[in-house]
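K.L.:
Could you have a look at this structure, given as structure tokens, before my questions?
The values are calculated or read from the model by the stated rules, or taken from the named source; none is laboratory data. Bear in mind the structure is a predicted one, so any value in this text is a computation, not a measurement. Reconstructed Cβ throughout: ideal geometry from the backbone, glycine too, with neighbour counts over all protein chains shown.
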Amino acid sequence: MAERGRLYLWPRNRSFGNSKARPVVVISPDAATRHGRRWVVLPLSTVSDLASNPLAYRLAPTATNGLRQASFVMTWLPTTVHADQLQGPLGRLTSAELTAIAASVIQALDLQGLEPWQLDPEA
């Protein structure tokens, strides 16, 4: 089963300073999820302050994704979790949403591979 783009509930995410259950979206490639039990995920939050963060990707609740309220994917906070810690799946993102989130992760983690001087040769 393909896991990339699925949403799960992560009930104990102490790495974020609390044990509050939080939805996450799997971004590991399907080959990784088929052959390993540690998956790369991005946490979601319902904190409305994230609306002004250009790196937070907003997801509206739909029957397909299983969210109950508008949420923000925190693209700058990828983490790995053991698949056995996850509950669900809750739902799945669309291909367009997953593509937009991937682009936001590239921007958030500065994965273009260019140094600032390469972006602006005049600097």
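K.L.:
Condition test on Ala32, is it without any contact (Cβ under 8 Å) to a residue 24 or more places away in the chain, loosely packed, with under 13 Cβ neighbours inside 10 Å and not in a loop (DSSP other than H, G, I, E, B)?
P.N.:
Answer is no for this residue.
K.L.:
Considering (1) in contact (Cβ under 8 Å) with a residue 24 or more places away in the chain; (2) on the phi < 0 side of the Ramachandran plot, say which one Gly88 fails and leave the rest.
P.N.:
For Gly88, the failing item is (2).
K.L.:
Moving on. So in region 50-64, with the set limited to residues that are touching a Phe, Trp or Tyr at 6+ places or on another chain (Cβ under 9 Å) and not small (Gly, Ala, Ser), which one is nearest to Leu77 (Cα to Cα)?
P.N.:
Looking at the filtered set, the residue picked out is Leu55.
K.L.:
Does Leu59 count as in contact (Cβ under 8 Å) with a residue 12 or more places away in the chain, within 20 Å of Pro11 (Cβ to Cβ), aliphatic (A, V, I, L, M) and crowded, with 18+ Cβ neighbours inside 10 Å?
P.N.:
Details: in contact (Cβ under 8 Å) with a residue 12 or more places away in the chain: yes; within 20 Å of Pro11 (Cβ to Cβ): yes; aliphatic (A, V, I, L, M): yes; crowded, with 18+ Cβ neighbours inside 10 Å: yes.
Yes.
K.L.:
Give the residues of region 30-48 that are among the β-branched types (Val, Ile, Thr) and either at pLDDT 90 or above or touching a Ser or Thr at 6+ places or on another chain (Cβ under 9 Å) (or both), sorted by residue number.
P.N.:
Taking region 30-48 as the starting set, the residues that turn out to be among the β-branched types (Val, Ile, Thr) are 33, 40-41, 46-47.
Hits for region 30-48 are Val40, Val41, Thr46, Val47.
K.L.:
Does region 5-19 hold any residues that are assigned to a loop (DSSP other than H, G, I, E, B), at pLDDT below 80 and of a type outside the set (Gly, Ala, Ser), and which are they? It would help to see each step written out before you state the result.
P.N.:
Kept after step one, since they are assigned to a loop (DSSP other than H, G, I, E, B), are these residues of region 5-19: 5, 11-13, 17-19.
Retained after the next criterion (residues that are at pLDDT below 80): 12-13, 17-19.
Arg12, Asn13, Asn18 - these are the residues of region 5-19 that are assigned to a loop (DSSP other than H, G, I, E, B), at pLDDT below 80 and of a type outside the set (Gly, Ala, Ser).
K.L.:
Any idea which residue in region 62-83 is surrounded by the most Cβ atoms within 10 Å (Cβ to Cβ), counting only those that are closer than 11 Å to Leu7 by Cβ and either in contact with a Gly (Cβ under 6 Å, 6 or more places away or on another chain) or of a type in the set (Val, Ile, Thr) (or both)?
P.N.:
Checking each candidate, the answer is Val73.
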